[in-house]
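Structure first, then comments.
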Amino acid sequence: MEKTNQTNDRTVTLKRTFNAPIQLVWEAWTQSEHIAKWWGPKGMDVKVLEHDFKVGGKWRYSMMMPNGNEFISEGVYTEIVEFEKIISSADFKPMTENVEIQALFEADGNKTNFTFNVVHQTEEYCKQQEKLGIMNGWGSVFDRLAEFLKEE
């Protein structure tokens, strides 16, 4: 019996091609000083509170929303393959909890093809997140990443 992918109906996927070599895109994802410059939607300042980049290591970021409220995102790295993928649990309380995020990298000359998956526990939760604007939120984050990469 062939095993099928049971996560398709509960995964939100965004794809981008960044005009930067894979080494630079990887550094943007793995170094605290870079993460603080692009993580989070436009208008939010980010502080890296914890970033232990290894399997089992925790990450925790604070984002200040324009209204002054603090928004915490955090997770634990579950798989890291250099220049290929970063997989982590993730909570973005109070908006999104108990998801897995997958950042997948592929070199394409001086560009990087990037795929980002957010895997939810259920199809219903995934649909709810889509209605709340998960695509726009992450789209804004990756717009900031693209701008950051241009400056580096």
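No lab work stands behind these numbers, since they all come straight from the coordinates. Here the structure is a predicted model, which is why all the values come from computation and not from measurement. Glycine gets a Cβ as well: all are built from the backbone with ideal geometry, and neighbour counts include every protein chain shown.
Using Cα-Cα distances under 8 Å and only pairs 6 or more residues apart, what relative contact order does the chain have, in percent?
Rounded, it is 30 percent for the chain.
Taking R0 as 25 Å, what FRET efficiency do you get between M95 and K150 from their Cβ-Cβ distance, rounded to the nearest 0.05?
The formula returns an efficiency of 0.30 here.
Normalised radius of gyration for segment 12-151, please: alpha carbon Rg relative to 2.2 N^0.38 Å, two decimal places.
Dividing the Cα Rg of segment 12-151 by 2.2 N^0.38 Å gives 0.99.
With runs of 4+ DSSP H residues as the only contributors, calculate the mean residue ellipticity of the chain at 222 nm using -39,500 (n - 2.57) per run, divided by the residue total and rounded to the nearest 500.
For the chain, the value works out to -9000 deg cm²/dmol.
What do you get for Rg/Rh of segment 63-125 when both radii come from the Cα atoms and Rh is the Kirkwood radius?
Using Cα coordinates only, the ratio equals 1.07.
Please grab the % of Cα pairs in segment 22-90 that end up more than 16 Å from each other.
48 percent
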